[in-house]
Amino acid sequence: MLSLFENSILTRKDGTYLAKGRDVLKDKKVGLYFASCNKTSKEFTQKLNNFYKIIKEKGEENFEIIFISCEIRKADKRKCIKFGHQDWLYLQLEYPAMM
């Protein structure tokens, strides 16, 4: 899993950039969450939030979720990230021609 994100810059919900994936994800279990801002995704996001919260409350620091938005427009991606996500990591994919 680490090799997929080795040179990717991962970001937190608040916009803080973290080190490259190889540094952030070393020795961690990782869940990938691909979604857009539709009703089905929102329902699952709430369930995933609850799961993530329980895991973190139990002190499991070696688990991360990487959110990958299926939205094309930057504004839609931001909206999707702000909707009820815990402090997950997210992969910022940019397509300048589509912004």
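General observations
- Evaluated against (1) among the aliphatic types (A, V, I, L, M); (2) part of a strand (DSSP E or B); (3) free of Cβ contacts under 8 Å to residues at least 40 places away in the same chain, ILE55 falls short on exactly one condition, (2).
- Complete set of residues in the stretch 31-71 that are under 14 Å from ASP87 (Cα atoms), of a type in the set (A, V, I, L, M) and surrounded by 17 or more Cβ atoms within 10 Å (Cβ to Cβ): LEU48, ILE55, ILE65, ILE66
- If the condition is being basic (Lys, Arg) and either at pLDDT 80 or above or within 16 Å of LYS13 (Cβ to Cβ) (or both), then the stretch 58-74 contributes LYS58, LYS74.
- Within the stretch 75-89, the set of residues being at pLDDT below 85 and crowded, with 16+ Cβ neighbours inside 10 Å comprises LYS77, CYS80, ILE81, HIS85, GLN86.
- Candidates are the residues of the stretch 90-99 that are at pLDDT below 70 and not small (Gly, Ala, Ser); the one that is nearest to the chain's Cα centre (by Cα) is GLN92.
This table checks each residue for (1) closer than 17 Å to THR16 by Cβ; (2) out of contact with any strand residue (DSSP E or B) (no Cβ under 8 Å at 6 or more places or on another chain); (3) in contact (Cβ under 8 Å) with a residue 12 or more places away in the chain; (4) among the polar types (S, T, N, Q).
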position: PHE51; (1), (2), (3), (4): no, yes, no, no
position: PHE63; (1), (2), (3), (4): no, no, yes, no
position: ILE68; (1), (2), (3), (4): no, no, yes, no
position: ARG78; (1), (2), (3), (4): yes, yes, no, no
position: LYS82; (1), (2), (3), (4): yes, yes, yes, no
position: ASP87; (1), (2), (3), (4): yes, no, yes, no
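- Of residues in the stretch 2-14 being in contact with a helix residue (DSSP H, G or I) (Cβ under 9 Å, 6 or more places away or on another chain) and assigned to a loop (DSSP other than H, G, I, E, B), the one surrounded by the fewest Cβ atoms within 10 Å (Cβ to Cβ): ASN7
The values are calculated or read from the model by the stated rules, or taken from the named source; none is laboratory data. Predicted model only: the values in this text are computed from it and were never measured. Heads up, the Cβs are rebuilt from the backbone with ideal geometry, glycines too, and the neighbour counts pull from every protein chain shown.
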